[in-house]
There are 2 protein chains.
Amino acid sequence: MNQILNVDLGDRSYPIHIGAELLSQPGLLTPHIHGHQVMIVTNTTVAPLYLDTLKRTLLSTEQYQVANVILPDGEEHKTLAQVNLIFDALLENRFNRTCTLIALGGGVIGDITGFAAASYQRGVNFIQIPTTLLSQVDSSVGGKTGVNHPLGKNMIGAFWQPQVVLADTRVLKTLPARELSAGLAEVIKYGLIRDPDFFIWLEDNISGLMAMDDELLTEAIFRSCQNKADVVAEDEKEHGVRATLNLGHTFGHAIETEQGYGNWLHGEAVGTGMLMAADLSWREGWLSKEDCSRVRQILAHANLPAEPPAQMSAQCFIDHMLVDKKVLDGNLRLVLLKTIGQAVVTSDFSEMHLHACLEAGKNLGQK
Amino acid sequence: MNQILNVDLGDRSYPIHIGAELLSQPGLLTPHIHGHQVMIVTNTTVAPLYLDTLKRTLLSTEQYQVANVILPDGEEHKTLAQVNLIFDALLENRFNRTCTLIALGGGVIGDITGFAAASYQRGVNFIQIPTTLLSQVDSSVGGKTGVNHPLGKNMIGAFWQPQVVLADTRVLKTLPARELSAGLAEVIKYGLIRDPDFFIWLEDNISGLMAMDDELLTEAIFRSCQNKADVVAEDEKEHGVRATLNLGHTFGHAIETEQGYGNWLHGEAVGTGMLMAADLSWREGWLSKEDCSRVRQILAHANLPAEPPAQMSAQCFIDHMLVDKKVLDGNLRLVLLKTIGQAVVTSDFSEMHLHACLEAGKNLGQK
């Protein structure tokens, strides 16, 4: 029942195992641990749920020296100071260059731990066990690690690939419903930007996914990671097609920033952002009104908000969007949809249409 | 008169320019600066001497946005906190992913700046302008960057290659005499471990080097970097022959640690450490007594100390040497000399000889 996706990166290639109950299978981990020292990095939310299980699995077959660091939960703790706590723990336990770090948690834990692994003794091995749907489909592929700086998100980091990723669908059972929906927004994104068959599959199976059927989740995660891996392989350094992964993100970032991080989840903001992108694409005459409705519907079925915050004016959106890092020389570029399954990065849209889109509120894609 | 050494690392290859007055030649820098934002990182000692010259050179032909950070001088400031000051400056000046960092200073500045470049926005370009002889022959090649942690030296860092290195012999004129000698210890090391002809050349030219003749310094730096580049190319990940670069370092670290960093310069401790390695090699019957004397003599001509601190007992050395990171499983491995120009990494030496060497004091290699 498990699926395996090989992310092909030459001598930095690695497998992603996807399925139920992976956390209790030592055979998925031990081949990727080369020394005998293992540091698990997790947070105060995940530790009580899964830390003991993981430790038991690790110690069931091998005599590892296992230690752990439990960080506070939340994006506001994605800082260099937390990375330094990991260094402290590694050095206090005298961990050497052949040690392995395991990130057990969501995207924040994965990003912090990956950067610590990239920088400890100039680079040690690390393993990712993402515990949110968002991190399973997003941080599993791409090798981006890092932390925030008070003056900017993800400003400090490294490209660093894991030895293996375990995406265990069973750990999603403890995920808050809002976070499952937020993760589905990123899953839906892959259908929209490049995989029309997957989008249809998602339309057919969205209720089973919302009910957390293991088999359907496995398939959805597999196809999301496969799509991301294809895009990243095509454009590792983010000069071209990789930017299509940002569908909905420029609108979404404006919402997140305006509302304050944490009030809207990233995936929720991206979901609404994707509907705004679909709306603008329809106004440009690319996406049919019918396809625009399909976008609206699947988001609704995934319990994602279908309109931006009422108090956000068009000008407010524009102000935020112009400081987004994807703006080159004042030229606003957006990821839009030519059709369902085909995204483009373009600044070739009318200002009038953009305004209408930003003003549409709850009528996105509807008139 | 300038020499150019190409460090061949595939798509991360870069040139080292060596010669007098390089700091005022914009043509050596501008081809390696791809964006228009340049951040110079230097320290309180070097800034008053060379920062203005470098800025003038940069601004003489191109319209760069040039900013600078001036860090405190000294190994005790080689910390993550200083790296963070660089991030602050980069973000306050809104530097983007195409910016370039220039390290203007000794090894500490090079290591800190290189790590900041490796980590800012997951990696930006950097240029090294080493201003000590030690950093010109040591940090110019190898790509090691990083900072210290209270629990260990160089524990946090990355492998990150520069775009270009300028080793300007003219900046050495302001170098304290002790630091010139300390740098020469590392130069002599390359002759000892793998280049007997270079060792003879050094014996012939040591007084000219001490007098800071530009042409001789250029030649000495070139051949040192060439030797290091050859070793690193052979063993990039430090599994084998690269360890011979540590000749004298295990003894030297014991001296540095016991005396407290800063009392003995690194190069001074390495110099004495190399004589201790030569002494032990002679006791093992490998190095002739005559060659051992040649080592003693060239160190004396370079004004380097020829004996360890009088109060350091053999046991004191052993205690320090056993915690050195090059000890694998309690097995003390040392870099010793089969002959002048041929080093080996070995644990195959007699404990009795090691004790005699550690007890020899001012009679190293002499009875």
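Every test in (1) among the polar types (S, T, N, Q); (2) within 19 Å of B:Ser135 (Cβ to Cβ); (3) surrounded by fewer than 22 Cβ atoms within 10 Å (Cβ to Cβ) is passed by B:Thr244 save one, and that test is (2).
Would it be correct to say that A:Asn43 is within 14 Å of another protein chain (Cβ to nearest Cβ) and either under 21 Å from the mean Cα position of the chain (by Cα) or closer than 23 Å to B:Glu238 by Cβ (or both)?
no
Can you confirm whether the range B:173-187 contains a residue that is closer than 16 Å to B:Leu133 by Cα and part of a loop (DSSP other than H, G, I, E, B)? Please lay out each step first, then the result.
First, the residues of the range B:173-187 that are closer than 16 Å to B:Leu133 by Cα: B:173-187.
Pick out the ones that are also part of a loop (DSSP other than H, G, I, E, B) and you get B:175-176.
The answer is yes, given that some residue of the range B:173-187 is closer than 16 Å to B:Leu133 by Cα and part of a loop (DSSP other than H, G, I, E, B).
The listed residues are A:Ile86, A:Ile102, A:Ile109, A:Ile70, and the only one of them that is surrounded by fewer than 21 Cβ atoms within 10 Å (Cβ to Cβ) and more than 9 Å from chain B (Cβ to nearest Cβ) turns out to be A:Ile70.
Which ones in the range B:128-159 are touching a helix residue (DSSP H, G or I) at 6+ places or on another chain (Cβ under 6 Å), part of a loop (DSSP other than H, G, I, E, B) and more than 7 Å from every other protein chain (Cβ to nearest Cβ)? Hits for the range B:128-159 are B:Thr131, B:Thr132, B:Asp138, B:Ser139, B:Ser140, B:Val141, B:Gly142. Looking across the range A:40-50, the residues that are outside any loop (DSSP other than H, G, I, E, B) and surrounded by 17 or more Cβ atoms within 10 Å (Cβ to Cβ) come down to A:Ile40, A:Val41, A:Thr42, A:Asn43, A:Ala47, A:Tyr50.
Residues in the range B:1-23 that are assigned to a helix (DSSP H, G or I) and of a type in the set (A, V, I, L, M): B:Leu22, B:Leu23.
Per the listing A:Ala243, A:Ala254, the residue uniquely of a type in the set (A, V, I, L, M) and either outside the structural domain of A:Leu304 (by TED's automatic domain parsing) or closer than 16 Å to A:Gln342 by Cα (or both) is A:Ala243.
Considering A:Gly191, A:Gly114, the condition of being at pLDDT 95 or above and either in the same structural domain as A:Gln82 (by TED's automatic domain parsing) or touching a strand residue (DSSP E or B) at 6+ places or on another chain (Cβ under 7 Å) (or both) is satisfied by A:Gly114 alone.
Criterion first (in contact (Cβ under 8 Å) with a residue 60 or more places away in the chain, of a type in the set (Lys, Arg) and in a helix (DSSP H, G or I)) does A:Arg223 satisfy it?
Values: in contact (Cβ under 8 Å) with a residue 60 or more places away in the chain: no; of a type in the set (Lys, Arg): yes; in a helix (DSSP H, G or I): yes.
No.
Hey, does the range B:12-20 have a residue that's under 26 Å from the mean Cα position of the chain (by Cα), farther than 25 Å from B:Lys173 by Cα and either assigned by TED's automatic domain parsing to the domain that holds B:Thr257 or of a type in the set (Lys, Arg) (or both)? Yes, the range B:12-20 contains at least one residue that is under 26 Å from the mean Cα position of the chain (by Cα), farther than 25 Å from B:Lys173 by Cα and either assigned by TED's automatic domain parsing to the domain that holds B:Thr257 or of a type in the set (Lys, Arg) (or both).
Mind listing whichever residues of the range B:120-147 are within 19 Å of A:Phe115 (Cβ to Cβ) and out of contact with any Leu (no Cβ under 9 Å at 6 or more places or on another chain)? Break it down into steps so the answer makes sense when it comes.
The first filter runs over the range B:120-147 and keeps only residues within 19 Å of A:Phe115 (Cβ to Cβ), leaving B:120-124, B:126, B:143-147.
Residues satisfying the conditions are B:Arg122, B:Gly123, B:Lys144, B:Thr145, B:Gly146.
Count of the range B:160-183 residues, restricted to those that are more than 14 Å from chain A (Cβ to nearest Cβ) and closer than 22 Å to A:Ile156 by Cβ, is 2. The residues listed here are B:Gln37, B:Gln3; of these, the one that is closer than 30 Å to B:Glu219 by Cβ and buried (at least 16 other Cβ atoms within 10 Å of the Cβ) is B:Gln3. Restricting attention to the range B:56-67, the residues being buried (at least 17 other Cβ atoms within 10 Å of the Cβ) and in a helix (DSSP H, G or I) number 2.
Does A:Glu268 count as away from chain B (no Cβ under 14 Å), in a helix (DSSP H, G or I) and farther than 28 Å from A:Ala177 by Cα?
On the way: away from chain B (no Cβ under 14 Å): yes; in a helix (DSSP H, G or I): yes; farther than 28 Å from A:Ala177 by Cα: no.
No: the conditions fail for A:Glu268.
Considering the range B:112-127 alone, what residues qualify as being more than 11 Å from chain A (Cβ to nearest Cβ) and of a type in the set (S, T, N, Q)? Result: B:Thr113, B:Asn125.
The values are calculated or read from the model by the stated rules, or taken from the named source; none is laboratory data. Just so it is clear, the structure is predicted and the values come from calculations on it, not from any experiment. So basically every Cβ, Gly included, is an ideal-geometry build from the backbone, and we count neighbours across all protein chains shown.
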